[in-house]
Amino acid sequence: VAKSLSFSEPQIPIVSNLTGEQLTNEQATDPAYWVSQVRQAVRFAGAVTTLDAQGATTYLELGPDAVLTAMASECLEDAERQPALIPTLRRDRPEVQTLALSLAAAHAAGARLDWVTFFDGTGVKRVPLPTYPFQRRHYWLSVAADAGDPSAIGLADAEHPLLAATIETPEGEGLSFTGRLSLATHPWLADHAVGGTVLLPGTAFVELALKAGEQVEAPTLEELTLQAPLILSEQGAVALQVSIGGPDEEGRREVSIHSRPDGAEGGWSSHAQGLLSPQAPQAHEPLAEWPPSGATEIDVEGLYDQLGAYGLEYGAAFQGLTKAWQDGKAVYAELSLADAQREDVQRFGIHPALLDSALHGIGFLPDSGSGSGEGVKLPFAWGDVSLHAVGATELRVRIEGKGEAASLTLADPSGTVVVAVGSLRLRPLDLSQLQGAGGARDELLGLRWVEVSGEGEPSSGDGPTRLASIGGLDLPGVERHRDVEALCAGLGDGEEAPELVLWEPAPGRSQGLPEAARATTQDALELLQEWLSEESLTGSRLVVVTRGAVAATEGEAPDLALAPLWGLLRCAQAENPDRFALVDTDGSEASLAALSAALGLEEETQLALREGQLLAPRAVPMPAPPQEDGEPARVFDPDSTVLVTGATGALGGLVARHLAAEHGARHLLLVSRRGEE
């Protein structure tokens, strides 16, 4: 077959991958040479070395990605001149833009380009240069060629504006991404402030999780719960880490996002926990008709002034909502990304500022509660988030209320779906938690029970929430069952289980205190295991009602037989979001009457009722001890007793010695599970 072809001498020099030397005319016209291409080894390194010896300084890869560019870089590590290695195409990047950037890079490296051909038909024309000579003086500081290059320290580039490097576990199942955030490196984040404190938007956590899922072929963000805000101070930076675990039996992976002050050791703070699914994103109906017929336009002028009055201070980067309409219980809006943020948009899946702007329309929903005195609400729990296209700068969004949650469908100007959010729940934020937080990361936090508001009966959005109880708890109008088995047995064909099921543990105080605590906790553990194993109860929440198990007000002492129960339930809540809730009462008639209002606060999974008042736990900065006579303030009163748990271990010993040496503590109560040693 090769002999039947016609061969000509090459018009430009070619370096052979068979010999590593320049191809001769005899070789080029010999059919046997070309047949040997499929038989002999490829001498790529030799070919690159020959090019370097001939003075080549610019290498342009013509291919579908940058594979050969990376290989050539390794071959030229010891080259005397630092070459320019430029791929013309990259996977998952627009071809026209990538090719234009590669030509620009070649031009910057000194290659001669035929600009007349490049701009042919575009109307671009040449203009004369200034008549004065260039001074050719550099005013910028020179930077080492490998500065900021993760490969210089053995890492892979994460190729994301918020992340710098990718780290794979030795087993190859897990993956971590690292980055560094500050208002100096990412100034647009300063346009997202709450109560005067700059926070990383919740949409950025979603973008980071989706980026992580893309790398492990788990494109659907099944759930993501935001645990604590990430505060960005005016000075300094934070180190960011996104971690993905190995796949479970169904291929799902846990994802978590942590941060700590840049340069610090240990002390990682958890901000988000979620679950990634390998299931392909579901198809969604396009938003073709725009605006929808019959929808009433909403006046959005002054929207951001109103949000600012609530404490949501959005700068230009986040003021993306430009128009809005309402049609029944749905809200439609148009969004636009600020020009200053469009440069990096292709490196994001969905730009956090653009996605955050979509959330601003939630306040227009009829049942959103906006302006109802509940204070600032921020994203809390995301569910079923999928990304269908990247690089969007203009979007249209449909927002629908689903009880306490909302769903969002975002599409490009043609109506094609770009992002879908199956469920988003917002949660009120106490602005007092953020006061001074930007510069007070090392403050000592304490638990405080603060009053929260709650009125009316619990509702699921489609009507009153269905209630039931198990065990000995007997409430008016609430169907009572003996246990979980009886509850499930009483469900008819196709009948759904009650949304809330209440259970009150038996006192069990006929025994001694240790025995009562052990028996109560054992009963609760068995109940939790049975609850989680029942498939018919996956959409139900178990509300454990205790009496005096926590000290929620000044002067209270918890019932030590029931206090361990709260510790057990907190662990169960962390492992199974939305499946359990805790309510502690003081036994008063007013608190019993307020129980219905407590059950209506679905976002509060831990509550205490005291004389009808609803209290929720909050982590707040503890006041600094007063200073006297110029003496430094002490965190601990040296005359008080300091409890140290896990005290017989190595860390416990270090803590005890530190308290004595640095804080003057003289009364230490050392507690350990192993007893005396």
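Observations, loosely collected:
- Unit charges on C-beta of K, R, D, E only; dipole of the chain, Debye: 1840
- Here the chain was treated as a single set of alpha-carbon atoms; its pair distances binned every 10 Å from 0 give 2, 11, 18, 21, 18, 12, 8, 5, 3, 1, 0 percent.
- Within the accessible area of the range 201-299 (1.4 Å probe), percent carbon and sulfur: 42
- On Cα atoms only, tilt of 44-53 relative to the major axis of the chain in degrees: 60
- Calculated mean residue ellipticity, 222 nm, the chain: -6000 deg cm²/dmol, from DSSP H runs (n ≥ 4) at -39500 (n - 2.57) each, averaged per residue and rounded to 500.
- Taking the alpha carbon gyration tensor of the range 7-96, multiplying each eigenvalue by 5 and rooting it gives semi-axes of 25, 17, 13 Å, largest first.
- ³J(HN,Hα) computed for each position of the range 243-249 - Karplus, 6.51 cos²θ - 1.76 cosθ + 1.60, integer Hz, glycine/proline x: 10, 10, x, x, x, 8, 4
- Taking amide H as placed 1.01 Å from N in the peptide plane, the amide H of ALA66 sits under 5 Å from that of ARG91, each at least 5 places away or on another chain.
- Surface composition of the range 301-385: carbon plus sulfur atoms contribute 43% of the solvent-accessible area (1.4 Å probe, protein chains only, all chains present).
- Solvent-accessible surface of the range 265-411, taken per residue with a 1.4 Å probe and all protein chains present: 46 Å².
- With DNA, RNA and ligands ignored, accessible area of CYS488 (1.4 Å probe; Å², nearest 10): 30
- Looking at the range 232-265, the GluC sites (Glu not before Pro) that sit in a DSSP loop and have at most 12 other Cβ atoms within 10 Å of their own Cβ are GLU234, GLU249, GLU250, GLU265.
- Compactness index (Cα Rg / 2.2 N^0.38 Å), the range 278-330: 1.57
- Karplus-derived HN-Hα couplings along the range 384-394 (A = 6.51, B = -1.76, C = 1.60, θ = phi - 60°), whole Hz, x at Gly and Pro: 6, 9, 9, 10, 10, 7, 10, x, 6, 10, 10
- Interchain or long-range residues, amide H under 5 Å from ASP584's placed H: THR546, LEU607, ALA608, LEU609
- Averaging over all projection directions, the Cα-based convex hull of the range 5-53 occupies 3.5 nm² in the image plane.
- P(r) of the range 462-612 over all Cα-Cα pairs, binned every 10 Å from zero, in whole percent: 10, 41, 38, 10, 1, 0
- Taking a straight line from the alpha carbon of LYS329, these lysines sit under 27 Å away, with near neighbours fewer than eight places off in the same chain left out: LYS377, LYS402.
- Kirkwood Rh in Å, taken over the range 157-206 so that all alpha-carbon pairs contribute: 12.7
- The phi torsions of the range 404-419, fed into the Karplus equation with coefficients 6.51, -1.76 and 1.60 and a -60° offset, translate into couplings of 7, 10, 9, 10, 10, 10, 10, 9, 7, x, 8, x, 6, 5, 10, 9 Hz, rounded to whole numbers, with Gly and Pro shown as x.
- Legend: Rg and Dmax of the range 180-303, from Cα coordinates, 18.3, 58 Å.
- Here the accessible area is traced with a 1.4 Å probe on the protein chains. For the range 64-108, carbon and sulfur cover 55 percent of it.
- Residues of the range 1-122: accessible area per residue with a 1.4 Å probe, Å²: 71
- Under 5 Å, built H, 5+ apart or other chain: amide partners of GLU313: ALA193, VAL194, GLY195, GLY196
The values are calculated or read from the model by the stated rules, or taken from the named source; none is laboratory data. Note that the coordinates shown come from a computational prediction; the quantities given were computed from them, not determined experimentally. FYI the Cβ positions are ideal-geometry reconstructions off the backbone, even for glycines, and counts take in every protein chain you see. Note: accessible area is taken over every heavy atom of the protein model, side chains too, but ligands, DNA and RNA are not part of it. Shrake-Rupley method; radii C 1.70, N 1.55, O 1.52, S 1.80 Å.
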